[in-house]
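Here is the structure we will look at, set down as structure tokens.
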């Protein structure tokens, strides 16, 4: 078992659903969708700390299998503690080459409230 495999935990992709409220508006619900494995780590690098002081809130790195393509502004929930994250980068930007023996992608994320 690799170190990366040991860091993986179950997460679920959250889908936004809107329904009429009966008064001309709508109600937004978040529905749990696809469960997959991801490693979510808090970024304590100097660059991250400097960015935080300048208002940048992407303080997490999410690593997952390449087949679990995450897009900018996707919402995921870590099942172990219910913490919600919003993806703040594109899954196509940082991933292993096709020739690599292990296939994963990384995105940045921030804590989020729904």
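The values are calculated or read from the model by the stated rules, or taken from the named source; none is laboratory data. Everything numeric here is computed off the predicted structure, so don't read it as measured data. Because the Cβ atoms are built from the backbone with ideal geometry, glycine has one as well, and the counts that use them run over all protein chains shown.
Take the residues in segment 93-107 that are farther than 17 Å from residue 5 by Cβ and not in a loop (DSSP other than H, G, I, E, B), then tell me which one is nearest to the chain's Cα centre (by Cα). Please lay out each step first, then the result.
Keep residues of segment 93-107 that are farther than 17 Å from residue 5 by Cβ, which gives 93-95, 97-99, 107.
Now restrict to residues that are not in a loop (DSSP other than H, G, I, E, B): 95, 107.
Working: 95: 15, 107: 7 Å.
Among those that are farther than 17 Å from residue 5 by Cβ and not in a loop (DSSP other than H, G, I, E, B), it is 107.
Looking at segment 85-114, which of the residues that are under 24 Å from residue 17 (Cβ atoms) and surrounded by 18 or more Cβ atoms within 10 Å (Cβ to Cβ) is modelled with the lowest pLDDT?
91
Which of (1) under 18 Å from residue 8 (Cα atoms); (2) modelled with pLDDT under 85 does residue 68 not meet, given it meets every other one?
Of (1) under 18 Å from residue 8 (Cα atoms); (2) modelled with pLDDT under 85, only one is false for residue 68: (2).
With the condition kept exactly as written, say whether any residue in segment 57-69 is more than 20 Å from residue 35 (Cα to Cα) and surrounded by 17 or more Cβ atoms within 10 Å (Cβ to Cβ).
Among the residues of segment 57-69, at least one is more than 20 Å from residue 35 (Cα to Cα) and surrounded by 17 or more Cβ atoms within 10 Å (Cβ to Cβ), which makes the answer yes.
Residue by residue through segment 38-56, note down the ones that are at pLDDT 90 or above and surrounded by fewer than 15 Cβ atoms within 10 Å (Cβ to Cβ).
Those that are at pLDDT 90 or above and surrounded by fewer than 15 Cβ atoms within 10 Å (Cβ to Cβ): 41, 42.
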